[in-house]
1. Select from segment 286-297 the residues that are in contact with a helix residue (DSSP H, G or I) (Cβ under 7 Å, 6 or more places away or on another chain) and either within 19 Å of W203 (Cβ to Cβ) or at pLDDT 95 or above (or both) and list them in ascending order.
2. Among the residues of segment 267-285, is there at least one that is modelled with pLDDT under 70, over 30 Å from A157 (Cα atoms), part of a helix (DSSP H, G or I) and not basic (K, R)?
3. Can you tell me which residue is modelled with the lowest pLDDT among those in segment 217-266 that are within 25 Å of the chain's Cα centre (by Cα) and hydroxyl-bearing (S, T, Y)?
4. Just one of A82, A138 is touching a residue at least 24 places away in the same chain (Cβ under 8 Å), out of contact with any Pro (no Cβ under 6 Å at 6 or more places or on another chain), in the same structural domain as W203 (by TED's automatic domain parsing) and buried (at least 23 other Cβ atoms within 10 Å of the Cβ); which is it?
5. Looking at A255, A217, A184, A193, can you tell me which residue is in contact with a helix residue (DSSP H, G or I) (Cβ under 7 Å, 6 or more places away or on another chain) and in the same structural domain as N136 (by TED's automatic domain parsing)?
6. What pairs can you find where one residue is in segment 276-295 and of a type in the set (D, E), the other is at pLDDT below 85 and not in a helix (DSSP H, G or I), and their Cβ atoms are less than 9 Å apart, with a gap of 6+ or different chains?
7. Which ones in segment 141-176 are of a type outside the set (A, V, I, L, M, F, W, C), buried (at least 17 other Cβ atoms within 10 Å of the Cβ) and over 22 Å from A119 (Cα atoms)?
8. Taking the conditions exactly as written (assigned to a helix (DSSP H, G or I) and aliphatic (A, V, I, L, M)), does A162 satisfy them or not?
Amino acid sequence: MKKATFIFIMSVLYATLFLVVPAQSQNSVEELMSSGNNLLRNGAFTEAASAYKQVLAKEPRNFEAQANLAFAYLQAERYDKAVAEYNKAIKLDSRNAECWSNIGFAYEKLGRNKEAASAVAHSVELNPSNVEARMNLAAMYENAGAFDKAIAHYEAAIKTDASRGAAYSGVARCLTEKGNIAGAKKYCQEAIANDPKNADARWQLGNILWKKENKQAEALKEYETSVKLDENSQVFYENLALLQEEMGKKDVALATWKKYLIYLNDAMKKEEVQKRIDKLEGGETVSTGKADAKLNREKASQQNEDQMQQMKSELRKDPKTETKRLDTKSVDVGSDFDKIGKDTGEALDLRKEAKKKADAK
């Protein structure tokens, strides 16, 4: 997992000043910033926030201190505080793409999805090369059912970074929703061609082969490859076991379900899977049709957890990162996100929510 980067104030001028300024004065802005950055780097978020507040008491318009204070709250998962402080940072520099991206992340965690979408859209507008922010925006459009717009952003991410496997999978899901199965299959195959170890793309291809083309043997091969590539996955095992049952491979399916239990962390689902195992071992016939629809559409997609963590780290990176300054107007995305903009009190998991429709098809 890539670690977030922080602002470090280093200057020969500052070092020179320390040599000539009396010791009592050395509790300077530069020293406080350095202390705050070190604390932030070491995970002492509360202490880092205190250091940045001291800087702001001396220099209320110090953007770096303000952005880092917001970042400290974001790292501490105090999302309401992060929003408040990022709003102050944005007032100091309204064109800082990282601040908009980070406040979008905080809004999302608070369940304020419409505001999250608007903020991330503005971040992408300011810095179109920010692939992580664009991926988030694409996932939001996908969640809202705006598949053409989602595809446009996923494809833009691919154009910036052709190795971005999750973008190919995103396009494949959207094309599947639009009924373009051939196009979806093509994107999965392109992802695999770029990276044969892309477990998610193979899983998506397996879904298409099984659920859309009824090619069980080919789908089974893709699912088995997915599991080999990512043994910690949850959903990969689930689909593999269901397909094995459908193909009459009861003993093999039982082994897969039992291995699936090892990786499950949801107590209710563990109980559901154990009941299924008990029925199979007892010789009962277990339906693999509609009775399994709910199980097969579970929201958890653990195979993408590493990508999620990397995304969060990238979203919360150094607010001083250089951005492209575009002379464009703010994006109005309100109507696009009416479906996800309602106050539900729950936060959307940007990537995982976008995936939940894949199994339903």
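1. Step one: list which residues in segment 286-297 are in contact with a helix residue (DSSP H, G or I) (Cβ under 7 Å, 6 or more places away or on another chain), which gives 286, 288, 292, 295-296.
Within segment 286-297, T288, D292, L295, N296 meet the criteria.
2. no
3. The qualifying residue modelled with the lowest pLDDT is S233.
4. Working: A82 fails: in the same structural domain as W203 (by TED's automatic domain parsing).
After ruling out the rest, the residue left standing is A138.
5. On the way: A255 fails: in contact with a helix residue (DSSP H, G or I) (Cβ under 7 Å, 6 or more places away or on another chain); A217 fails: in contact with a helix residue (DSSP H, G or I) (Cβ under 7 Å, 6 or more places away or on another chain); A193 fails: in contact with a helix residue (DSSP H, G or I) (Cβ under 7 Å, 6 or more places away or on another chain).
Answer to the check: A184.
6. Going by the 9 Å Cβ cut-off, the qualifying pairs are D278/E284; D292/V286.
7. R164, G165, Y168, S169, R173, T176
8. On the way: assigned to a helix (DSSP H, G or I): no; aliphatic (A, V, I, L, M): yes.
For A162, the condition - assigned to a helix (DSSP H, G or I) and aliphatic (A, V, I, L, M) - is not met.
The values are calculated or read from the model by the stated rules, or taken from the named source; none is laboratory data. These numbers come from a predicted model, not from an experiment. So basically every Cβ, Gly included, is an ideal-geometry build from the backbone, and we count neighbours across all protein chains shown.
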